[in-house]
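Chemist: Next up is a structure, given as structure tokens.
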Amino acid sequence: LLALPILIAIVFVIRFVHEPDLWWQLRTGEFILTHGSVPDKDVFSFTYDGVSWLNVKWGFEVIQALVVTSFGPEALPLPQIIANILLLIFGWGIIKNIDRQNTSTSAATTLASLLFLVGMSYRMNGRPELVSYTFTACYLYIFTATNNGKTNWFYALIPAQILWANLHEAYGVGLIMVFVYLFSAWFGFYTAKVQKQDEKQGLIKKTVLGIIAWLGVAVHPSGLHMLWHPYEIFTQLSSNQFTQEI
């Protein structure tokens, strides 16, 4: 039963390429591979030639270029296929972490997965935001695993946040998720009737790791600017429908 959603997740991605942004993203990836550096100024357009360019998703553009170089343009759906499978795996992991009594059935999980795939199918177009959908599911898995006793999973937030910041501009969602998780964990600790010292030590450890994950976004060609760039993105919510959608 669980193989069925995986097959459908692959089939949903096999379609004609109608994404116009794809071509400048591919060209940017080729430019980075050729020159060995991420451009910080516009090098393609006539009207914006030389204008400062903060390219957050340069890493995904390199992946796209490598896929085309290695396998041809027919393989462009490959990143989306991988993302879809990871979304299912993280989703099943979240269900397992939450359902500690193991009461869910494979049939119920399959039905939920199919409903999820149908609801998300219109976004399965290979755009860079597939990274943000995948990392959002990854973070939810890490949080539920941590609450299920697998505390070492919290370390994974550091490399995950660094990767996210170099793959898609919605990496600020991850920063907010970490903040909300830590805030609620501390709130729950201080409002509990019994406060255990070892639990407090665990929260301090998680907080330190969360701060490191926050600072990790500066591991990017644009450096420290990445720390406040999410604010610039979220200020576009009232004027940019695509930002709202993400």
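The values are calculated or read from the model by the stated rules, or taken from the named source; none is laboratory data. Only a predicted model underlies this, so the values are computations on that prediction, with no experimental measurement involved. As a convention, Cβ positions derive from the backbone with ideal geometry for all residues, glycine included, and neighbour counts pool all protein chains shown. Accessible surface is based on the protein model in full, side chains and every heavy atom, while ligands, DNA and RNA are left aside. Shrake-Rupley method; radii C 1.70, N 1.55, O 1.52, S 1.80 Å.
Chemist: For residues that are modelled with pLDDT under 90 and farther than 17 Å from Trp58 by Cα, scanning just segment 121-134, find the one that is least open to solvent (accessible area, probe 1.4 Å).
Modeler: Per the stated criteria, the residue is Met124.
Chemist: Right, something else. Of all residues in segment 179-202, which are free of Cβ contacts under 8 Å to residues at least 12 places away in the same chain, open to solvent by 40 Å² or more (accessible area, probe 1.4 Å) and in a helix (DSSP H, G or I)?
Modeler: Passing the criteria: Val180, Phe183, Ser184, Phe187, Tyr190, Thr191, Gln197, Asp198, Glu199, Lys200, Gln201.
Chemist: Here is a further query. For the structure I just gave you, tell me whether Ala170 is modelled with pLDDT under 95, closer than 29 Å to Pro77 by Cβ and outside any loop (DSSP other than H, G, I, E, B).
Modeler: On the way: modelled with pLDDT under 95: yes; closer than 29 Å to Pro77 by Cβ: yes; outside any loop (DSSP other than H, G, I, E, B): yes.
Against the criterion (modelled with pLDDT under 95, closer than 29 Å to Pro77 by Cβ and outside any loop (DSSP other than H, G, I, E, B)), Ala170 qualifies.
Chemist: If you scan segment 1-27, which residues turn out to be assigned to a helix (DSSP H, G or I) and β-branched (Val, Ile, Thr)?
Modeler: Correct list: Ile6, Ile8, Ile10, Val11.
Chemist: Can you tell me which residue among Gly50, Gly72 is of a type in the set (Gly, Ala, Ser) and modelled with pLDDT of 90 or more?
Modeler: Details: Gly50 fails: modelled with pLDDT of 90 or more.
Checking each option against the conditions leaves just Gly72.
Chemist: What helices (runs of 4 or more DSSP H), lying completely within segment 84-165, carry at least 2 residues that are aromatic (Phe, Trp, Tyr) and either more than 17 Å from the chain's Cα centre (by Cα) or under 26 Å from Val217 (Cα atoms) (or both)?
Modeler: 130-147
Chemist: Could you list, in sequence order, all residues of segment 41-59 that are in a loop (DSSP other than H, G, I, E, B) and over 23 Å from the mean Cα position of the chain (by Cα)?
Modeler: So the first thing to find is which residues in segment 41-59 are in a loop (DSSP other than H, G, I, E, B), and the list is 42-51, 53-57.
Within segment 41-59, Asp42, Val43, Phe44, Ser45, Phe46, Thr47, Tyr48, Asp49, Gly50, Val51 qualify.
Chemist: For residues that are in contact with a helix residue (DSSP H, G or I) (Cβ under 8 Å, 6 or more places away or on another chain) and open to solvent by 30 Å² or more (accessible area, probe 1.4 Å), scanning just segment 70-80, find the one that is farthest from Leu22 (Cα to Cα).
Modeler: Phe71
Chemist: Are there any pairs with C-beta distances below 7 angstrom linking a residue in segment 158-170 that is in contact (Cβ under 8 Å) with a residue 60 or more places away in the chain and under 14 Å from Tyr133 (Cβ atoms) to a residue that is among the hydrophobic types (A, V, I, L, M, F, W, C) and part of a loop (DSSP other than H, G, I, E, B), with the two at least 6 apart or on different chains, and if so which?
Modeler: From residues that are in contact (Cβ under 8 Å) with a residue 60 or more places away in the chain and under 14 Å from Tyr133 (Cβ atoms), the pairs are His168/Val56; Glu169/Val56; Ala170/Ile246.
Chemist: Output the number of residues of segment 4-36 satisfying the condition of being touching a residue at least 40 places away in the same chain (Cβ under 8 Å) and open to solvent by less than 70 Å² (accessible area, probe 1.4 Å). Step through it out loud before you land on a result.
Modeler: The first filter runs over segment 4-36 and keeps only residues touching a residue at least 40 places away in the same chain (Cβ under 8 Å), leaving 4-6, 8-10, 12-15, 17-19, 21-22, 25-26.
In the following step, the residues that additionally are open to solvent by less than 70 Å² (accessible area, probe 1.4 Å) were identified as 5-6, 8-10, 12-13, 19, 21-22, 25-26.
Qualifying residue count, segment 4-36: 12.
Chemist: From the list Lys57, Lys96, which residue is in contact with a helix residue (DSSP H, G or I) (Cβ under 8 Å, 6 or more places away or on another chain), of a type in the set (Lys, Arg) and open to solvent by 20 Å² or more (accessible area, probe 1.4 Å)?
Modeler: Working: Lys96 fails: in contact with a helix residue (DSSP H, G or I) (Cβ under 8 Å, 6 or more places away or on another chain).
Only one candidate passes the filter, namely Lys57.
Chemist: Of the residues Ile142, Ile176, only one is out of contact with any Asp or Glu (no Cβ under 7 Å at 6 or more places or on another chain) and open to solvent by less than 30 Å² (accessible area, probe 1.4 Å); which?
Modeler: Checking each option against the conditions leaves just Ile142.
Chemist: Looking only at segment 203-245, count how many residues are modelled with pLDDT under 90, assigned to a helix (DSSP H, G or I) and among the β-branched types (Val, Ile, Thr).
Modeler: 2
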